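**Student:** My structure is below; once you've seen it, I'll send some questions.
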Amino acid sequence: MSDSASTTSAGTLGGGLRRAVAGLLLGAGAPARFTWPMRLEPEVAQGERGPGATQSPERPSIVVRELRAEDEAPWRVLRLADNDRLAPWEATLPAGGGETLSTFPVFLRRQTRQARLAEAMPFVVEVDGAFAGQIAVDPIIWGATRSAQVGYWIGSAWQGRGIMRLAVALVLDHLLGPVGLHRVEINVRPDNERSLALCRGLGLREEGLRRGYMHINGAWADHVSFAALAEEVHGPNGTGFEQRLARG
């Protein structure tokens, strides 16, 4: 092993070390990169909004907005009702790490702080004004990566109606457009057929299997990785995800 790194002065850093140091400094002290709170709606809904506007059962009103303190009660009711259905897909904490699950108020404070630091986006999916599920954009990484991971869940009353697919499309378009990220990932259990269908229905690129990627329901679990890049959505030949759904 060469000792050159330990004897090189700061003014003559080698290329690799110089790039590493620059990478650590990228984004240091940068202001927040997006507005929070945030509200996202389908383009069709935005065009139809008015004093006499109504929504049919075939086209419910879908809004993606920030998680709020007043969401605790409906969140608890929905999670309790759907616990058996959601538990097999829930992230859990491995033993020995000293970590504990947060209460809703603590979780909300932490996520709101991270959102204001441009490190996360805790979204709620509303359907006709009702709390229907969540979309978590966490973590958001800046610097040389500019990437994020997305996870989601929806209540059984709204499952299978394309609601979460549209909500995720809105979030992906926002992240890869106005927010300025370059890459967004969604990682799905191989046996989660509904979530696999959502990602494939959006046209996300399937990148392969990640072994033991996340601790789920008490055990380390493999995940199928899906991703999208900004140029695939907003480049010269790109198509936004909401637009893809509109085209069928």
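**Student:** For a test of the definition: using alpha carbon positions, the gyration tensor, and the 1.5 limit on a/c, classify segment 56-146 as rounded, prolate or oblate.
**Tutor:** oblate
**Student:** Determine the principal axes of the Cα atoms in segment 61-106, then give the extent along each, sorted from largest to smallest and rounded to whole angstroms.
**Tutor:** Largest to smallest, the principal-axis extents are 43, 25, 17 Å.
**Student:** What number comes out for the charge environment of ARG85, summing +1 per Lys or Arg and -1 per Asp or Glu over other residues with Cβ under 11 Å away?
**Tutor:** Surrounding charge for ARG85 is -1.
**Student:** For segment 144-247, take the alpha-carbon Rg, divide it by the Kirkwood Rh, and send me Rg/Rh.
**Tutor:** For segment 144-247, the value is 0.97.
**Student:** Now for a separate question. Could you work out the relative contact order of segment 149-240? I mean the mean sequence separation of Cα pairs under 8 Å and 6+ apart, divided by the number of residues, in percent.
**Tutor:** 29 percent
**Student:** Follow-up question, since we're still on this one. From the phi of every residue in segment 146-163, what ³J(HN,Hα) in whole Hz does the Karplus formula 6.51 cos²θ - 1.76 cosθ + 1.60 yield, where θ is phi - 60° and glycine or proline is x?
**Tutor:** Per-residue couplings from phi come out as 6, 9, 7, 10, 10, x, 7, 8, 9, x, 4, 5, 10, 5, x, 10, x, 5 Hz.
**Student:** Let me ask something else. Sum up the charges of everything whose Cβ sits under 12 Å from the Cβ of GLU232, counting Lys and Arg as +1 and Asp and Glu as -1, but leave GLU232 out.
**Tutor:** +1
**Student:** Something else about it: Keeping all protein chains in position, work out how much accessible area ILE62 exposes to a 1.4 Å probe, and write it in Å² to the nearest 10.
**Tutor:** The accessible area of ILE62 comes to roughly 10 Å².
**Student:** Oh, and also: Can you pull the percent of segment 137-223's accessible area that's carbon plus sulfur, 1.4 Å probe, other chains left in place?
**Tutor:** Ligands and nucleic acids excluded, carbon and sulfur reach 48 percent.
**Student:** Which whole-Hz ³J(HN,Hα) couplings does segment 228-241 yield from phi under the Karplus relation 6.51 cos²θ - 1.76 cosθ + 1.60, θ = phi - 60°, glycine and proline marked x?
**Tutor:** Those phi angles translate into 9, 10, 4, 5, 6, 9, 10, x, x, 10, x, 9, x, 5 Hz.
The values are calculated or read from the model by the stated rules, or taken from the named source; none is laboratory data. In this text the structure is predicted, and so the values were computed from the model without any measurement. All Cβ positions, even for glycine, are placed from backbone atoms using ideal geometry, and neighbour counts span all protein chains on display. Heads up: the accessible areas ignore ligands, DNA and RNA and are worked out on the full protein's heavy atoms, side chains in. Shrake-Rupley method; radii C 1.70, N 1.55, O 1.52, S 1.80 Å.
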